[in-house]
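The values are calculated or read from the model by the stated rules, or taken from the named source; none is laboratory data. Because the structure is a prediction, the values reported are computed rather than measured. Cβ: placed from backbone, ideal geometry, glycine included. Neighbour counts: every protein chain shown. Quick note on the areas: whole protein, heavy atoms, side chains included, nothing else; ligands and nucleic acids left out. Shrake-Rupley method; radii C 1.70, N 1.55, O 1.52, S 1.80 Å.
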There are 2 protein chains.
Amino acid sequence: MSNTGFDIQLQLKAQLVNNTLRRLLASRQIDGDLKEAMRYTLEAPGKRVRAALVLWCCEVVEGRTNHNSEIAAAALEIVHTYSLVHDDLPAMDDDDMRRGRSACHKQFDEATAILTGDALLTLAFEVLAEEIDEPTVAVKLITELAKAAGPAGMIAGQMADLKAEEIGNRKPVVSEVEPSEIENQLEYIHINKTAKMFRCAAAMGAVCGGAGDTQFNSLCEYGLKIGLGFQIADDILDVSASSEQLGKTAGKDAKAGKATYPAVIGMEKSKQLAKKLADEAITALQPFGPEADTLRQLATALLQRTR
Amino acid sequence: MSNTGFDIQLQLKAQLVNNTLRRLLASRQIDGDLKEAMRYTLEAPGKRVRAALVLWCCEVVEGRTNHNSEIAAAALEIVHTYSLVHDDLPAMDDDDMRRGRSACHKQFDEATAILTGDALLTLAFEVLAEEIDEPTVAVKLITELAKAAGPAGMIAGQMADLKAEEIGNRKPVVSEVEPSEIENQLEYIHINKTAKMFRCAAAMGAVCGGAGDTQFNSLCEYGLKIGLGFQIADDILDVSASSEQLGKTAGKDAKAGKATYPAVIGMEKSKQLAKKLADEAITALQPFGPEADTLRQLATALLQRTR
């Protein structure tokens, strides 16, 4: 499949995710400003890569997407969106732009952004509990999502990221910390903040498709590898792309003194590492035949993206 | 039962809740500052009224508390605690004191408080998904909690509360808005922000005890009534009690120009309304015999509390 072919695949999945998000939000009785702010953030033009991964992993196992995977993809996207809303707050990353629009706290106000993030996070679990067909499946999905997004996952990564920023603002990151120590710290941040949510997407898709243990483990391994690769590619883009391409402020991580892969191991080595992770992700798919080709394509495409 | 007897009942339940909270937190792999901040906020000396209500409602139905009700009580308390952490943030209610200690963002920093709240909220759902014995029960509990705490519940109340504060800061609340309109707004805030979480506590306890429809509806009605009564009593205390008694800044609501019951309908009428709600709560318990006496006592005790 060509890169253009892959982009179309992704766009089709994004449309499906957007339709589900719209339906889920419209069917809930939420009042005034809160609903407007939730809709504003959910309707911002995200790539929906994580949500698409849920759907693709379900397809790999079951041959098609199903109702449960559509709900799971939407729930994961809702949690990802909440994390962006809170990440952008002045006390956090303090970013005014997100997905090519004003960040939620700029469009509305800080209190609304805090509550909108809280509302999205809570809604994600409500949706899983209420809309998934089988209670045993719902419980598995909620466990995966809560673990990946929670204090031993994404939030641990956000916390470490903020601390790394503090260190970065005090002194040049590279010169005063042992390379191996800072590489470990960087991997800790990226694994927790990003890769575990990709792993979770794969796990949720696998569960919705009714995967056996081998399939489940293979897809989780794949998800973790492309998640880490995705974040390294993101670091690279932060240096090389424009704000317009990114839909958020470019060069911001470097300016904030954040520990990024290009800053710590250099641009060339970062590209090599991302390539290596894509290869390892593809290797993890060995139990699957051609039905996993879209996932193989995704591993490569993530490295070649420009936004 | 005397008031002192009731206080002892509440303390015993609070101990059980605290033990469960400690166990749940200790058994999870959470790193560094985040775990410290989560422990700090969870270990602050809260009354645990909502959590105790889960346990009492389970007892009323099943004759005793059980594993599921202990987990549900802890999960509800975790969600209540997250809401306090976010409520106290500078962009929200901006309060430095909570449960007799520095608020989370004063003890640590704003970013840590935002992430700690997020971590607690996520943990509550993880705990329910992972520790409740039956998937069907887990799904019911998660649905109840997410609905009560989410954008059509507590967060709607927080949002309306902030907007009421804006109005209050611009002009005296009572003189410029029609009494009936502001009374409706006030009820909307209190029902959503407080009463639905009390209703949820009762619902979760009922589910854990295996309640039938009549028992379930009766306990939910009871929970909603005492929840609203509790919040009115809270408004009254904000005017009449000291900061030391409250463990948070006293007189703050009035100063912030918040719409409170004493400000809108006067102190005497507020006390009458709280009493009326306690009576209605007790009436809702008609399907139950002496096994619901603790709940009857709670309805009265909430009105007589001094903190």
Report the accessible area of B:R199, computed with a 1.4 Å probe over the heavy atoms of all protein chains in place, in Å² rounded to the nearest 10. 70
Mean ellipticity per residue at 222 nm, deg cm²/dmol - from DSSP H runs of n ≥ 4 across chain B, formula -39500 (n - 2.57): -24000 deg cm²/dmol
If the limit is 23 Å between Cα atoms, which of A:K258/B:K106; B:K163/B:K271; B:K106/B:K252; B:K47/B:K225; B:K196/B:K258 go over it? A:K258/B:K106; B:K163/B:K271
Residue mean of other protein chain beta carbons inside 10 Å, B:76-89: 1
With θ set to phi - 60° and the Karplus curve 6.51 cos²θ - 1.76 cosθ + 1.60, what are the ³J(HN,Hα) couplings of segment A:129-136 in order, to the nearest whole Hz, using x for Gly and Pro? 5, 8, 10, 6, 5, 10, x, 5
Where in segment A:55-150 are there trypsin sites (Lys or Arg not before Pro) that are in a DSSP coil and have at most 10 other Cβ atoms within 10 angstrom of their Cβ? A:R64
Given a 1.4 angstrom probe, I'd like the percentage of the accessible area of the protein assembly as shown that is carbon and sulfur, rounded to a whole number. 47
What number comes out for accessible area per residue over chain A if the probe is 1.4 Å? Units Å², please. 39
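What is the magnitude of the charge dipole of the protein assembly as shown about its Cα centre, with +1 placed on the Cβ of each Lys and Arg, -1 on the Cβ of each Asp and Glu, and no other charges, expressed in debye to the nearest 20?
With Lys and Arg at +1 and Asp and Glu at -1, about 140 debye.
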Put A:L298, B:L224 in order of accessible area, largest first, 1.4 Å probe: what do you get? B:L224, A:L298
In Å, the C-alpha Rg and Dmax of chain A are 18.6, 54
Would you mind working out the magnitude of the charge dipole of chain A relative to its Cα centre, with +1 at each Lys and Arg C-beta and -1 at each Asp and Glu C-beta, to the nearest 20 Debye? 580
Which residues in segment A:79-94 have a backbone N closer than 19 Å to a point placed 7 Å from the Cα of A:K106 along the Cα-to-Cβ line? A:81-94
With θ set to phi - 60°, apply the Karplus curve 6.51 cos²θ - 1.76 cosθ + 1.60 along segment B:138-151 and write out the HN-Hα couplings as whole Hz, x wherever there is a Gly or Pro. 4, 5, 4, 5, 5, 4, 4, 5, 5, 5, 5, 8, x, x
Size of the dipole of segment B:1-114 about the Cα centre, Lys and Arg at +1 and Asp and Glu at -1 on the beta carbon, nothing else charged, in debye to 20? 540
For the pair A and B, total buried accessible area rounded to nearest 100 Å², probe 1.4 Å: 3800
